[in-house]
Structure formats: C-alpha cells, structure tokens
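Here's the structure, in structure tokens; my notes come after.
The values are calculated or read from the model by the stated rules, or taken from the named source; none is laboratory data. Here the structure is a predicted model, which means the values were calculated and not measured. Please note: Cβ atoms are built from the backbone with ideal geometry, for glycine as well, and neighbour counts cover all protein chains shown.
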Amino acid sequence: MGIASNSRACKSTGFKDDRPALVYLLQSASEPLKAKIGICEDSEHNTRLAVHASNGWEQVYTRPFAVGLHARLVEAAVKRLWFEERGWEDGRARGESRSDGYTETVLLDNPGRSGPWSVLTPLSLWTDVLVVVEQLGFLLDEELAVEVDGGRTFAAAGLVPTGNWDRCRGGGGAVALAAET
C-alpha cells in the first residue's frame, strides 16, 4: 500500500503549507477599482507581491502566519464567504485574466450588489479576513508558535518568522514580535 502525500508539500518551488506565509489584500490602481485576497510565502526571495505591483496592484494589508497552511485556510474561508455565502462575483464573471487571480478579485463599487455591500472598502474586506482568522482559532495558534520555547523550536522547524525571540520571551509574546515588524 502506498503512502499518501500532499502534493502542495512536495513541490520544490512555490507556496509551502509548512513554511511562513502571508495573507494579503491588494487594490487595483486603475478603474474599475478591485480588491484581491491572496497568499504567498513569507521569505526574502518571494516575488509574488512585486509581480502583482508590476501588474497594477497596490498592497493594502498583509498578515503573517507562522504556518502556511493557516494562510491557505484563511484565504479559502474568505473566498467562500465573499463568493459563495454573499454571492459576490469574482473576476471570472468579468472576463478577467486567469493569471491575475480572477478567482480572488472583487469589485469595490458594484451597484448590482445588494444592501450594505454595494460599495466596499479595503478596510471592510480586511475586517472579513481578521474575523475569519479569529473564527478559525489561528490567533491563539500563532501566539503559541512564538511563545513556546521562546520560538526556537518552531523557528528551527521553519514555522515562525524571524524576530527577536528574547523580547518575546520577556512577556511580549506575539504582540512584541508584531510591534517589531
């Protein structure tokens, strides 16, 4: 009997579920104004956000995660909230390019959306992200990743972004780490 494997973890390039990652929210610099939710690895050699910038996207918010899988699950839950539960149209409905993340984009101003959702702001969309992070319980997980063993165990496994672990052990926890970045 063969051993099951997660193809995401087996890739030699690209996003890795077991490595630090970012969830990001971008806004288009041109009309029609759109926002995009996405994930990328949190490393020095990552070029994803730079590529988006060269395609006319401006970085609005980012949220680091010690574990990439958490970022992937947050992105999936936010997309489900926006496009399935709320019924907002993604870029496929507008004929956007697949290479520009058409399953991740939403129009900021859309009179066709009902009620309070006709005009969106990046802040309102980012609030959805933060609520999902809390609902999934990742706030506590991320804090524990920093606080356990001063972060050294997780850092050695590549699961915590670099930071001043001595300061975190001094009682600041994830808050001290976040204040440094």
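Numbers at a glance
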{"item": "Selection status of R94, among the basic types (K, R) and more than 16 Å from V132 (Cα to Cα)", "result": "yes"}
{"item": "Extreme residue, modelled with the highest pLDDT, among residues of the stretch 26-47 that are more than 16 Å from V74 (Cβ to Cβ) and of a type in the set (D, E, K, R)", "result": "K34"}
{"item": "V78 vs. criteria in the same structural domain as D109 (by TED's automatic domain parsing), within 19 Å of T103 (Cβ to Cβ), part of a helix (DSSP H, G or I) and touching a helix residue (DSSP H, G or I) at 6+ places or on another chain (Cβ under 7 Å)", "result": "yes"}
{"item": "Unmet requirement for E44, which otherwise passes all of (1) surrounded by fewer than 16 Cβ atoms within 10 Å (Cβ to Cβ); (2) of a type in the set (D, E, K, R); (3) assigned to a strand (DSSP E or B)", "result": "(3)"}
{"item": "Conditions (1) part of a helix (DSSP H, G or I); (2) more than 15 Å from the chain's Cα centre (by Cα); (3) of a type in the set (A, V, I, L, M, F, W, C); (4) within 18 Å of E58 (Cβ to Cβ); number of the one not met by V106", "result": "(1)"}
{"item": "Among (1) over 12 Å from the mean Cα position of the chain (by Cα); (2) in contact (Cβ under 8 Å) with a residue 40 or more places away in the chain - the single one S43 does not satisfy", "result": "(2)"}
{"item": "Cβ-Cβ under 6 Å pairs, at least 6 apart or on other chains, the stretch 92-110 side assigned by TED's automatic domain parsing to the domain that holds K36, far side of a type outside the set (A, V, I, L, M, F, W, C) and part of a helix (DSSP H, G or I)", "result": "Y102/G91; Y102/R92; T105/G91"}
{"item": "Filter result for R98 (surrounded by fewer than 20 Cβ atoms within 10 Å (Cβ to Cβ), modelled with pLDDT under 90 and basic (K, R))", "result": "yes"}
{"item": "Whichever residue in the stretch 111-134 is without any contact (Cβ under 8 Å) to a residue 40 or more places away in the chain and assigned to a helix (DSSP H, G or I) and, among such residues, is farthest from L49 (Cα to Cα)", "result": "G115"}
{"item": "All positions within the stretch 47-75 that are in a loop (DSSP other than H, G, I, E, B) and out of contact with any strand residue (DSSP E or B) (no Cβ under 7 Å at 6 or more places or on another chain)", "result": "T47, N55, A66, V67"}
